[in-house]
Amino acid sequence: MKKLLLLGGSSQQIVAIETAKRLGYETVLCDYLPDNPGQRHADKFYLTSTTDKEAVLKVARDERINGALAYASDPAAPTAAYVAEKMGLPGSPYESVEILCNKDKYRRFLAENGFCAPVAVGYDAVQTAQADISSGQFRLPVIVKPVDSSGSKGVGRIDVVDEAAQKLTSAMSFSRSKRIVVEEYVEKLGYQIAGDGLSVNGKLAFRYFANDHFDPNCVNPFVPISASFPYNMPKEVQDKAHDEIQRLISLLNMGTTTYNFDMRIDKDYNVFLMEVAPRDGGNYIPDVIKYATGVDLVECSVKAALGETIDVSSFGKPSGFYAYYAVHSRKDGVLDHVEIDPAVEKNNVIENHIVKKSGDQIKAFTGANTTLGILIMKFDHMEQMLRMMDYSDEWIKVVLK
């Protein structure tokens, strides 16, 4: 029996553990949280940080694993690649995964290789970044991000110089390496592009793009509240995005792995690969894609980590209209209940993964870690889907005590 090391045991990562077990593999889990729910599903558990490469490598060697997987986790993806490379296991080059998971290195790589990319500079000190913004080194507005966070945590937009200190400091507080990147804002045409994909032996064999939706009234309006499938732009735009992704993964010599995309197009249909993360998307995106296409990207992730064959010829064509919706609050408080329109609950909600209960303390939505849970939804047509995701106040309310 092959043995798979999984990095991260949150409620949304349990699906990878269960998929590996369904396929007949033994599962070993690492997570730094002693109360993570994944440990109750894995065959063996180690209380080890998924970002501590040497500690995870020791577990991997002691357990004689056959593959390492950081399912839906940016911070752990370099660790999985490091372990695989050190042990001669299947995976993509560690250096390439590091580039994709570090926003500073990634922006530099894009610029050096002729991709459309915003002007961006990395900083170790808030004061230096603030001085450059104040002196006009950037055209405002700019976006500031921790170089190594995920789930849009710590992301902010600076429209005027007076906002710089607070938003730079906030971004720095979310960086494990205490480094941030400041980049000029890219004006987008239509929706920001989300979605997941799969490369097999370096070829982009599957991708399914979505429309990103945001709540402008949230404390952090740059965190997506939904991704709706399919993307509503013409085929030629999607093919152009496909070609740019392929060029990127070819330059990085990526192997067989899954990806989560975050892209923008401008008024001239130039494609900006804002993020191409070497892992599955969170918020149940692979589950949504499975409803729409029949393609099980979780299973693909597990097989890729273990070097198993993935038969892309069996992949189905997309049909229907599906989305995830992140149930969220705009304020801190104590949850009373979540009120969903009965007709929507009956006709549109196909899976309810709300984890917060009445009486729970909840936080205002500032990142993926502050959702109350996820709804997986279906729709009759594109117009209905886009309207419901853009105007969710019409059908769902989070009521606080």
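Would you pick out the residues in segment 181-204 that are part of a strand (DSSP E or B) and either out of contact with any Phe, Trp or Tyr (no Cβ under 8 Å at 6 or more places or on another chain) or of a type in the set (Asp, Glu) (or both)? Outline the logic, then answer.
Kept after step one, since they are part of a strand (DSSP E or B), are these residues of segment 181-204: 181-184, 193-200, 203-204.
Within segment 181-204, Glu183, Glu184, Asp196, Val200, Lys203, Leu204 qualify.
Can you find, within segment 354-374, the residue that is surrounded by the most Cβ atoms within 10 Å (Cβ to Cβ) among those that are at pLDDT below 95 and aliphatic (A, V, I, L, M)?
Ala368
Could you grab me the full set of residues in segment 349-382 that are touching a strand residue (DSSP E or B) at 6+ places or on another chain (Cβ under 7 Å) and among the small types (Gly, Ala, Ser)?
Of everything in segment 349-382, those that are touching a strand residue (DSSP E or B) at 6+ places or on another chain (Cβ under 7 Å) and among the small types (Gly, Ala, Ser) turn out to be Ser358, Gly359, Gly373.
Sort through Ala16, Ala55, Ala72, Ala84 and tell me the only one that's out of contact with any Asp or Glu (no Cβ under 9 Å at 6 or more places or on another chain), hydrophobic (A, V, I, L, M, F, W, C) and within 24 Å of Tyr259 (Cα to Cα).
Details: Ala16 fails: out of contact with any Asp or Glu (no Cβ under 9 Å at 6 or more places or on another chain); Ala55 fails: within 24 Å of Tyr259 (Cα to Cα); Ala72 fails: out of contact with any Asp or Glu (no Cβ under 9 Å at 6 or more places or on another chain).
The unique qualifying residue is Ala84.
Filter segment 211-256 down to the residues that are in contact with a Cys (Cβ under 9 Å, 6 or more places away or on another chain) and more than 30 Å from Met388 (Cα to Cα), then identify the one that is surrounded by the fewest Cβ atoms within 10 Å (Cβ to Cβ).
Initially, segment 211-256 is screened for residues in contact with a Cys (Cβ under 9 Å, 6 or more places away or on another chain), giving 225, 244, 256.
Applying the additional criterion that residues be more than 30 Å from Met388 (Cα to Cα) yields 244, 256.
On the way: Glu244: 19, Thr256: 23.
That would be Glu244.
Restricting attention to segment 197-210, does a residue exist that is closer than 30 Å to Val349 by Cα, free of Cβ contacts under 8 Å to residues at least 60 places away in the same chain, outside the structural domain of Gln127 (by TED's automatic domain parsing) and surrounded by fewer than 16 Cβ atoms within 10 Å (Cβ to Cβ)?
No, there is no match, as no residue in segment 197-210 is closer than 30 Å to Val349 by Cα, free of Cβ contacts under 8 Å to residues at least 60 places away in the same chain, outside the structural domain of Gln127 (by TED's automatic domain parsing) and surrounded by fewer than 16 Cβ atoms within 10 Å (Cβ to Cβ).
Out of curiosity, is Tyr322 touching a strand residue (DSSP E or B) at 6+ places or on another chain (Cβ under 7 Å) and either hydroxyl-bearing (Ser, Thr, Tyr) or not assigned by TED's automatic domain parsing to the domain that holds Met233 (or both)? If you could, list the steps in order and put the result at the bottom.
Numbers: touching a strand residue (DSSP E or B) at 6+ places or on another chain (Cβ under 7 Å): yes; either hydroxyl-bearing (Ser, Thr, Tyr) or not assigned by TED's automatic domain parsing to the domain that holds Met233 (or both): yes.
So Tyr322 fits the description; yes.
Take the conditions within 25 Å of Met254 (Cβ to Cβ), modelled with pLDDT of 95 or more and hydroxyl-bearing (Ser, Thr, Tyr) and apply them to Thr79. Does it pass?
Numbers: within 25 Å of Met254 (Cβ to Cβ): yes; modelled with pLDDT of 95 or more: yes; hydroxyl-bearing (Ser, Thr, Tyr): yes.
The answer is yes for Thr79.
Any residue at all in segment 105-118 that is on the phi > 0 side of the Ramachandran plot, part of a loop (DSSP other than H, G, I, E, B), at pLDDT 95 or above and touching a helix residue (DSSP H, G or I) at 6+ places or on another chain (Cβ under 6 Å)? Please lay out each step first, then the result.
First, the residues of segment 105-118 that are on the phi > 0 side of the Ramachandran plot: 114.
Now restrict to residues that are part of a loop (DSSP other than H, G, I, E, B): 114.
Next, only the ones that are at pLDDT 95 or above stay: 114.
Applying the additional criterion that residues be touching a helix residue (DSSP H, G or I) at 6+ places or on another chain (Cβ under 6 Å) yields none.
No: segment 105-118 contains no residue that is on the phi > 0 side of the Ramachandran plot, part of a loop (DSSP other than H, G, I, E, B), at pLDDT 95 or above and touching a helix residue (DSSP H, G or I) at 6+ places or on another chain (Cβ under 6 Å).
Which of the residues that make up segment 326-353 are crowded, with 18+ Cβ neighbours inside 10 Å and assigned to a loop (DSSP other than H, G, I, E, B)?
His328, Ser329, Asn348
Does segment 122-133 include one or more residues that are under 27 Å from Gln12 (Cα atoms) and either within 22 Å of the chain's Cα centre (by Cα) or of a type outside the set (Gly, Ala, Ser) (or both)? Reasoning before the result, please.
From segment 122-133, those under 27 Å from Gln12 (Cα atoms) are none; that's our starting set.
Looking through segment 122-133, none of the residues is under 27 Å from Gln12 (Cα atoms) and either within 22 Å of the chain's Cα centre (by Cα) or of a type outside the set (Gly, Ala, Ser) (or both).
Condition first: under 18 Å from Asn347 (Cβ atoms) and either in contact with a Leu (Cβ under 6 Å, 6 or more places away or on another chain) or hydroxyl-bearing (Ser, Thr, Tyr) (or both). Now tell me which residues in segment 371-401 satisfy that.
Across segment 371-401, the qualifying residues are Tyr391, Ser392.
Given the conditions (1) under 30 Å from Glu299 (Cβ atoms); (2) free of Cβ contacts under 8 Å to residues at least 24 places away in the same chain, and given that Asp159 satisfies all but one, which numbered condition is not satisfied?
Result: Asp159 passes all but (1).
Taking segment 277-303, which residues are under 14 Å from Phe206 (Cα atoms) and of a type in the set (A, V, I, L, M, F, W, C)?
Ile289, Ala292, Val295, Leu297, Val298, Cys300
Of the residues Lys145, Lys178, only one is in a loop (DSSP other than H, G, I, E, B), basic (Lys, Arg) and not assigned by TED's automatic domain parsing to the domain that holds Lys267; which?
Lys178
Determine whether segment 55-72 contains at least one residue that is among the small types (Gly, Ala, Ser), in a loop (DSSP other than H, G, I, E, B) and under 14 Å from Arg279 (Cβ atoms). So that I can check it myself, show each step before the final result.
We begin by selecting, within segment 55-72, every residue among the small types (Gly, Ala, Ser); these are 55, 60, 67-68, 70, 72.
Among the residues that remain, those that are also in a loop (DSSP other than H, G, I, E, B) are: 70, 72.
Imposing the further condition that a residue be under 14 Å from Arg279 (Cβ atoms) reduces the set to 70, 72.
Scanning segment 55-72, I find at least one residue that is among the small types (Gly, Ala, Ser), in a loop (DSSP other than H, G, I, E, B) and under 14 Å from Arg279 (Cβ atoms), so the answer is yes.
(1) closer than 17 Å to Arg176 by Cβ; (2) free of Cβ contacts under 8 Å to residues at least 40 places away in the same chain: which one isn't true of Ala131, the others all being true?
Ala131 satisfies every listed condition except (1).
What's the total number of residues in segment 154-175 that are buried (at least 19 other Cβ atoms within 10 Å of the Cβ), outside any strand (DSSP E or B) and either of a type in the set (Phe, Trp, Tyr) or within 23 Å of the chain's Cα centre (by Cα) (or both)?
Looking only at segment 154-175, we keep the residues that are buried (at least 19 other Cβ atoms within 10 Å of the Cβ), and these are 154-156, 158, 164, 167-168, 170-172, 174-175.
From the residues that got through so far, the ones that are outside any strand (DSSP E or B) too are 154-155, 164, 167-168, 170-172, 174-175.
Still in the list and also either of a type in the set (Phe, Trp, Tyr) or within 23 Å of the chain's Cα centre (by Cα) (or both): 154-155, 167-168, 170-172, 174-175.
So the answer is 9.
Considering every residue within segment 302-323, establish whether at least one is in contact (Cβ under 8 Å) with a residue 60 or more places away in the chain and under 21 Å from Asn220 (Cβ atoms). Lay out the reasoning, then the answer.
Quick first cut of segment 302-323, residues in contact (Cβ under 8 Å) with a residue 60 or more places away in the chain only: 302-307, 310, 312, 315, 318, 321-323.
Filter again for under 21 Å from Asn220 (Cβ atoms), leaving 323.
Looking through segment 302-323, at least one residue is in contact (Cβ under 8 Å) with a residue 60 or more places away in the chain and under 21 Å from Asn220 (Cβ atoms).
Each row is one residue, and each column tells you yes or no for (1) in contact with a Ser or Thr (Cβ under 9 Å, 6 or more places away or on another chain); (2) among the acidic types (Asp, Glu).
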| residue | (1), (2) |
| --- | --- |
| Asp43 | yes, yes |
| Lys53 | yes, no |
| Val59 | yes, no |
| Tyr71 | yes, no |
| Asp74 | yes, yes |
| Lys86 | no, no |
| Pro90 | yes, no |
| Arg107 | no, no |
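The values are calculated or read from the model by the stated rules, or taken from the named source; none is laboratory data. Treat the numbers as computed from the prediction; the structure is a model and nothing was measured. Quick reminder, even Gly has a Cβ in these numbers, built from the backbone with ideal geometry, and neighbours come from all protein chains shown.
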